[in-house]
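Structure first, commentary second.
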Amino acid sequence: SRGLGDVYKRQLLVDDERSIRDMLSIFLRKHDMDVVCAESGEQALAFLKSQPFDVVVSDVKMPGMSGLELLQHVRATRPEPPELILMTAFSSTADAIQATEAGAFDYFTKPFKLDRIEESIRRALEERGRRKNARQVDAEKRFDFSNIVGRSEPMRQIFEMIRRVA
């Protein structure tokens, strides 16, 4: 788990080509990753509404919703969106810049080495774990009760309840 903190370590793989989905999912599962596959951007959105994911790996060019549209939708509608990694067979510098500006964690041109995408997913998981830990530290700093007198067990329970509610 490489110190990934409390993350789901679950990936959503989105590609309209079954052979790509099969190849990547088999490879990633062999590397102890929990992978769910979707064949379209629309199906990916349905999965994202019902399950937590840390990383989404998506093809850019797909019928219907493109990977870039999926990225923009997820970034706009989720308070803590998963990291998004885009892959395409039709790369251009403009597309790579647009993907990065839209918030893509990484961008690959097909064909790519499988170990490179695995490493990118691991880096995305580590980054997500760091951000989550930073948010927890920030929350703990905001709710410092050291100025309030009360060290009894009932008071500690109240302080903990306040932290959880906040």
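The values are calculated or read from the model by the stated rules, or taken from the named source; none is laboratory data. These figures come from a predicted structure and were not determined experimentally. Cβ sites come from the backbone with ideal geometry, for glycine too, and all protein chains shown count toward neighbours. For accessibility, only protein heavy atoms count, side chains too; no ligands or nucleic acids. Shrake-Rupley method; radii C 1.70, N 1.55, O 1.52, S 1.80 Å.
Couple of notes before you dig in:
- Amide hydrogen proximity for residue 9: with H placed 1.01 Å from N in the peptide plane, the residues at 5 or more positions away or on another chain lying under 5 Å are 54.
- Among beta bridges identified by DSSP and lying wholly in the chain, the antiparallel ones come to about 0 percent.
- Across the stretch 76-85, computed HN-Hα scalar couplings (Karplus, 6.51 cos²θ - 1.76 cosθ + 1.60, θ = phi - 60°) run 7, 10, 10, x, 10, x, x, 5, 10, 10 Hz from first to last residue, x flagging Gly and Pro.
- Accessible solvent surface per residue of the stretch 1-107, calculated while the other protein chains remain in place, 1.4 angstrom probe, Å²: 50 Å²
- Lys, Arg +1 and Asp, Glu -1 on Cβ, resulting dipole of the stretch 15-155 about Cα centre, debye, nearest 20: 320 debye
- Once each of the trypsin sites (Lys or Arg not before Pro) sitting in a DSSP loop with at most 11 other beta-carbon atoms within 10 Å is removed, the chain keeps 3-112 as its longest stretch.
- Prolate/oblate/rounded label for the chain (Cα gyration tensor, a/c 1.5): prolate
- Loop chymotrypsin sites (Phe, Trp or Tyr not before Pro), the stretch 1-98, which have at most 13 other Cβ atoms in a 10 Å radius of their Cβ (DSSP): 90
- Classification of the stretch 1-80 by its C-alpha gyration tensor yields an oblate form. The axis ratio a/c (a ≥ b ≥ c) is 1.5 or more, and b/c is at least a/b.
- Sites residue 69 and residue 161 - FRET efficiency at Förster radius 35 Å, r taken between beta-carbons, to 0.05: 0.25
- With contacts taken as Cα pairs under 8 Å and at least 6 residues apart, the chain reaches a relative contact order of 21 percent.
- Contour minus Cα-Cα distance for residue 94 and residue 80 (0.36 nm per residue): 2.4 nm
- The stretch 86-137: C-alpha gyration tensor shape, a/c 1.5 cut-off, then a/b vs b/c: oblate
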